[in-house]
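Trainee: Mind having a look at this structure? Questions to follow.
The values are calculated or read from the model by the stated rules, or taken from the named source; none is laboratory data. If you're wondering where the values come from, they're calculated on a predicted model, not measured in any experiment. Cβ sites come from the backbone with ideal geometry, for glycine too, and all protein chains shown count toward neighbours. Note: areas computed on protein heavy atoms with side chains; ligands, DNA, RNA excluded. Shrake-Rupley method; radii C 1.70, N 1.55, O 1.52, S 1.80 Å.
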Amino acid sequence: MSFQAPHALLRLDAAFRLGVEPLWWLGWHRLRRAAGLPGRALRPGVAARGPFLPEAAPPPPVLPAGARDGVGAALRALGPAVFHGPFDPGAGALGLDLFAPGDVRPVWEANRLGWVPLLAMAHRLEPGAGHQALAEARLAEWAAANPPFLGPNWACGQEAALRALHLALAHALLGGGPPAAGLAALLRQHAARIGATRAYARAQDNNHGISEPAGLLAIGWALGDARAARRAGRDLARAVARLVAPDGGFAQVSTGYHRLLLDVLSVVEWLRRRHGAGPLPAPFGARAEAAARWLARVVEPDTGGTPRLGHQDGSAFADLSLCGPGDARGSAERALRLFGGASMGWEDAGCAWLGLPPGSVRGGEGAWVAAGTRGWRMGGTRGLLRVGPLRFRPGQADLLHFDLWLGAENLLRDSGTGSYNPGVGRDWWGPHFASAAAHNLVVFDDAEPMPRAGRFLLARWLAAEPLPDGGVVRDARGNRHARRVVPGVGAWRVEDRVSGPFRHLALRWHLARGEWHLTAAGARRGAVELVLSADAPLALSLEEGWESAAYGEVRRAPVLVARARAPVSAVLTEIRFGSGCIEAGDAPKIVSIHQ
């Protein structure tokens, strides 16, 4: 038993840091499970039967050039309506093992019913082409293959909520009105699933706590249940007030989950207007607008790419723009128009489908700060720094990670996520991509700064504070790392100052792919060069690392590594990409550099 004690202590440490509220909700959830309450609420039932959707539909809006072709391309790529992966579709959902058979994430994504709004759009474009009938047939097939509450697609309350939002969105796109009997039955089943484990969602302090009341709110409006809608609206506003900071930072410091947050809130806000409901309680609107500004800051304007900050699961929810997970412009533009009456100047098909006119065009900010991040913009270059303090559990060991973009290229990058459950032979993916070594960070003595206490839980959180132009962290061993970022025309500078009982350190820069060459002071690729100096000897190497550009995909990528031994106290990295490099008058003195 003694070998379990350290792990038990780590979980106790993590529990202490999570705080009283999530632990209370987790305890309440476990008490309810022990009493069998969720199971009694979710006894297997009869699958809903159609009809589900309105047959008539309004004419389509005026769409940007190419939008019709995009709908056609998405229809041709439509996957099967039924997909359970390696999971037993006949097993009770609440007792299903979601890890041993394989990765449930692709199964859940395929079963969010995102194809229902797609077929609704297609029906409006071509009313006589059979798209509405196809949607009916696929929904009937899905419902028959996923009877409540069996199989992986009823195992998660959030997934039920996201399905319900897609169904409500499609119904409204087709003109709305009283729901057909089949849709009403299906929505009631989803409401039961969400409601059975609401305490678990609240305990997570993440997107579950947002999505689930959002789903219940959409169901309440669709079914005309004013009481349920009021209760869900209060819960959603309360969750947004807790998890979204006034500056727009989200409890889950992740570009992917921040996008999902906004997509969910945007669908709710649009449905609210469609149903003529009153505004949600403050500070819902203000926090949603601030979150929209945050996403707009980090979206690359020409491609829609975002930094791979935090966990990335490849979600593209309510993707009426049909741009997929790699292009977040539609999500940012939709949210800005809905919550701020503003625009980034992007022409978006999704906004056209929702009837959202463009607002006043927002200009770029030279520098900004939000809970968990801070950023800079200098001409065509952008920098993003992950900072503290930590109020909510971190998903990865990425504090003080720095991303740099030169135009559309993510030059210095986060390695990504890999997969939550990659399977045999790939089990290193999870620990690796969540580690400090997979980020642009200083790592002391080859040791992770925060030990893992569970699959998605870290212990001994770093003590973190912001600096006027960066941030500082201290680990449980007493090692301190302060990072300062100085943007400039032609070059950016990152200054790392360290102290503590460490014996040696390694600074990693995960680079964009390409023909990089090791130089005497760093690495070069064409006109781009990294130049490193320190107050102690540096050993430089250009190594093969790994990156995950999309969920479930991993490939080789270059990493520049600088290693040094104590008593090193300062390392300077200059990223040069043109003439007019910034002055380096207060840079650390170079002692020596060795390859």
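Trainee: Among the residues of region 356-383, which ones are of a type in the set (Gly, Ala, Ser), modelled with pLDDT of 90 or more and open to solvent by less than 60 Å² (accessible area, probe 1.4 Å)?
Mentor: Those that are of a type in the set (Gly, Ala, Ser), modelled with pLDDT of 90 or more and open to solvent by less than 60 Å² (accessible area, probe 1.4 Å): GLY366, ALA370, ALA371, GLY372, GLY375, GLY380, GLY383.
Trainee: Right, something else. Of all strands (runs of 3 or more DSSP E) completely enclosed by region 453-513, which ones contain at least 2 residues that are touching a Pro at 6+ places or on another chain (Cβ under 7 Å)? Working first, answer last.
Mentor: Values: elements: 463-467, 470-474, 480-486, 491-499, 504-510.
Answer list for region 453-513: 463-467.
Trainee: Tell me which residues, restricted to region 489-505, are over 18 Å from ARG386 (Cα atoms) and buried (at least 19 other Cβ atoms within 10 Å of the Cβ).
Mentor: Going through region 489-505, the residues over 18 Å from ARG386 (Cα atoms) turn out to be 489-491, 499-505.
Correct list: ALA491, PHE502, LEU505.
Trainee: Still on this structure, please answer the following. For region 406-419, enumerate the residues that are assigned to a loop (DSSP other than H, G, I, E, B) and closer than 16 Å to TRP546 by Cα.
Mentor: Quick first cut of region 406-419, residues assigned to a loop (DSSP other than H, G, I, E, B) only: 407-408, 413-419.
Across region 406-419, the qualifying residues are ARG413, ASP414, SER415, GLY416, THR417, GLY418, SER419.
Trainee: Could I ask something else about it? Consider region 120-163. How many of its residues are outside any helix (DSSP H, G or I) and touching a residue at least 12 places away in the same chain (Cβ under 8 Å)? Outline the logic, then answer.
Mentor: Within region 120-163, the first condition is being outside any helix (DSSP H, G or I), and the residues that meet it are 126-130, 146-151, 155-156.
Of the ones still in play, those that are also touching a residue at least 12 places away in the same chain (Cβ under 8 Å) are 127, 146-151, 155-156.
So the answer is 9.
Trainee: In the list ALA140, ALA135, ALA129, ALA161, which residue meets the criterion of being under 23 Å from GLY85 (Cα atoms), out of contact with any strand residue (DSSP E or B) (no Cβ under 9 Å at 6 or more places or on another chain) and open to solvent by 10 Å² or more (accessible area, probe 1.4 Å)? Can you show your working first?
Mentor: Numbers: ALA135 fails: open to solvent by 10 Å² or more (accessible area, probe 1.4 Å); ALA129 fails: under 23 Å from GLY85 (Cα atoms); ALA161 fails: open to solvent by 10 Å² or more (accessible area, probe 1.4 Å).
The match here is ALA140.
Trainee: Could you give me the residue pairs with C-beta distances under 9 Å whose first residue belongs to region 98-116 and is under 30 Å from LEU134 (Cα atoms), whose second residue is of a type in the set (Phe, Trp, Tyr) and part of a helix (DSSP H, G or I) wherever it lies, and which are 6+ apart or on separate chains?
Mentor: ASN111/TRP142; LEU113/TRP142
Trainee: Could you say whether any residue in region 212-222 is surrounded by 24 or more Cβ atoms within 10 Å (Cβ to Cβ), among the β-branched types (Val, Ile, Thr) and part of a helix (DSSP H, G or I)?
Mentor: So far as region 212-222 goes, yes, one or more of its residues are surrounded by 24 or more Cβ atoms within 10 Å (Cβ to Cβ), among the β-branched types (Val, Ile, Thr) and part of a helix (DSSP H, G or I).
Results for (1) modelled with pLDDT of 95 or more; (2) open to solvent by less than 30 Å² (accessible area, probe 1.4 Å); (3) more than 22 Å from the chain's Cα centre (by Cα), shown as yes or no for each residue.
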site	(1), (2), (3)
ALA170	yes, yes, yes
GLY182	yes, yes, yes
ALA196	yes, yes, yes
ALA203	yes, yes, no
ARG234	yes, no, yes
ASP247	yes, no, no
PHE250	yes, yes, no
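Trainee: Sticking with this one: Within region 525-554, count every residue that is part of a strand (DSSP E or B) and in contact (Cβ under 8 Å) with a residue 24 or more places away in the chain. So that I can check it myself, show each step before the final result.
Mentor: To start, the set of residues in region 525-554 that are part of a strand (DSSP E or B) comprises 525, 528-534, 538-547.
Keeping just the survivors that are in contact (Cβ under 8 Å) with a residue 24 or more places away in the chain gives 528-534, 538-542, 545-547.
Going through region 525-554 one residue at a time, the tally reaches 15.
Trainee: Now a separate question. Checking GLU269 against (1) touching a Pro at 6+ places or on another chain (Cβ under 8 Å); (2) open to solvent by 10 Å² or more (accessible area, probe 1.4 Å): exactly one of these is not met. Which one?
Mentor: Unmet for GLU269, out of (1) touching a Pro at 6+ places or on another chain (Cβ under 8 Å); (2) open to solvent by 10 Å² or more (accessible area, probe 1.4 Å): (1).
Trainee: Only one of GLU574, GLU583, GLU529, GLU547 is surrounded by fewer than 21 Cβ atoms within 10 Å (Cβ to Cβ), among the charged types (D, E, K, R), on the phi < 0 side of the Ramachandran plot and at pLDDT 95 or above; which?
Mentor: Numbers: GLU574 fails: surrounded by fewer than 21 Cβ atoms within 10 Å (Cβ to Cβ); GLU583 fails: at pLDDT 95 or above; GLU547 fails: surrounded by fewer than 21 Cβ atoms within 10 Å (Cβ to Cβ).
Among GLU574, GLU583, GLU529, GLU547, only GLU529 is surrounded by fewer than 21 Cβ atoms within 10 Å (Cβ to Cβ), among the charged types (D, E, K, R), on the phi < 0 side of the Ramachandran plot and at pLDDT 95 or above.
Trainee: Something else now. Which pairs do you get when a residue that is in contact (Cβ under 8 Å) with a residue 12 or more places away in the chain, found in region 7-28, comes within reach of a residue that is part of a helix (DSSP H, G or I) and open to solvent by less than 80 Å² (accessible area, probe 1.4 Å), reach meaning Cβ atoms under 7 angstrom, with the pair 6+ apart or on two chains?
Mentor: PRO22/ALA203; LEU23/ALA15; TRP25/ALA199; TRP25/ARG202; TRP25/ALA203; LEU26/ALA203; TRP28/ALA199
Trainee: List pairs: first residue in region 292-320 and on the phi > 0 side of the Ramachandran plot, second residue in a helix (DSSP H, G or I) and of a type in the set (Asp, Glu) anywhere in the structure, Cβ distance under 8 angstrom, at least six positions apart or on different chains.
Mentor: GLY314/GLU109; ALA318/ASP263
Trainee: Something else about it: Could you grab me the full set of residues in region 460-485 that are over 13 Å from PHE444 (Cβ atoms) and open to solvent by less than 30 Å² (accessible area, probe 1.4 Å)? It would help to see each step written out before you state the result.
Mentor: Of the residues in region 460-485, the ones over 13 Å from PHE444 (Cβ atoms) are 460-461, 463-472, 482-485.
Once the filter is applied, which keeps residues that are over 13 Å from PHE444 (Cβ atoms) and open to solvent by less than 30 Å² (accessible area, probe 1.4 Å), region 460-485 yields TRP461, ALA464, GLY470, GLY471, VAL472, ALA482, ARG483, VAL485.
Trainee: Could you check region 258-315 and list, in sequence order, the residues that are over 20 Å from the mean Cα position of the chain (by Cα) and assigned to a loop (DSSP other than H, G, I, E, B)?
Mentor: GLY276, ALA277, GLY278, PRO279, LEU280, PRO281, ALA282, PRO283, ASP302
Trainee: A further question follows. Which numbered condition in (1) outside any loop (DSSP other than H, G, I, E, B); (2) open to solvent by less than 20 Å² (accessible area, probe 1.4 Å) is the only one that MET450 fails?
Mentor: For MET450, the exception is condition (1).
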